[in-house]
Amino acid sequence: MTMRYFTFTLVPLEERDFHPLTAAFQAHPDIRPEGIPYINLLEDDTGVALFGLRGSEPAVSEVLTGHDDALEWELIPGDAGFYIYAHFAAREPAVSLLGLLDEYQLVLDLPIRFTAEGHMRVTVIGRDDNIKEALLNVPPSVNAEATEMGEYRPDDGRAVARLTERQREVLEAAVELGYYEVPRQATYEEIAEVCDCTVGTVGEHLTRIEA
């Protein structure tokens with residue numbers, strides 16, 4: 001059986017967006033959503049997700065504290081940006097989109113990424129006919145725009161091939177300096193010195209590379 005991957009951008013066609021929580025993050029001028037490394041729907045019509053964010057931590061706390069759909073949440077600091085682990089009320093069209101995974105036996109290749117426009121870039125893995133059927137049943141409030149597709153091979157280096165030249169340079173420096181060893185042998189400052197860039201640039205590149 002040939003497995004395929006299909007990467008597409010989800011563009012909401014209505015004001016409500018994918019879920020009220022993502023809409024609230026995107027609407028705040030001091031918050032920038034980066035991605036969703038984990039998401040899952042529960043049997044009680046709620047869900048849990050890990051949101052990767054940048055910007056103001058107090059602003060995120062303010063949004064979640066006053067949001068009816070944020071049932072429980074916890075802020076988790078990161079090396080670049082931070083994460084929010086949230087237990088949330090399930091809403092459309094997020095419920096229908098995630099339901100397509102089970103219905104058509106698809107695997108969601110996490111993380112989900114947010115584009116500069118605030119849309120979601122998603123990759124799914126499965127049989128070609130199942131992927132096509134799932135796309136035909138995407139909720140009418142969302143448009144799925146194809147960006148990449150092909151045969152799925154876990155060891156084909158596809159993710160590395162998508163890195164920019166500068167990202168590969170930062171990754172190579174991080175590996176050579178021992179940033180990914182346990183215990184860690186290098187800092188952002190040391191990588192920045194080798195790559196002749198700022199510490200912030202190193203953090204941003206490594207965040208995107210790891211995603």
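The values are calculated or read from the model by the stated rules, or taken from the named source; none is laboratory data. It should be emphasised that the depicted structure is a prediction, and the values quoted were computed from it without experimental measurement. Glycine gets a Cβ as well: all are built from the backbone with ideal geometry, and neighbour counts include every protein chain shown. For accessibility, only protein heavy atoms count, side chains too; no ligands or nucleic acids. Shrake-Rupley method; radii C 1.70, N 1.55, O 1.52, S 1.80 Å.
Taking a probe of 1.4 Å, how large is the accessible area per residue of the chain, in Å²?
Value for the chain: 56 Å² per residue.
What are the residues whose amide H is under 5 Å from the amide H of ILE112, where those residues sit 5 or more places off or on another chain and H is modelled from the backbone?
Those lying under 5 Å, H to H, from ILE112 are ILE36.
Using only Cα atoms, what is the ratio of the radius of gyration of the range 45-141 to 2.2 N^0.38 Å?
Rounded to two decimals, the normalised Rg is 1.23.
For the pair THR187 and HIS28, what calculated FRET efficiency results from E = 1/(1 + (r/R0)^6), where r is the Cβ-Cβ distance and R0 = 25 Å, to the nearest 0.05?
So, using R0 = 25 Å, E works out to roughly 0.20.
When only C-alpha pairs under 8 Å and at least 6 residues apart count, what is the relative contact order of the chain, in percent?
Reported as a whole number, the value is 25 percent.
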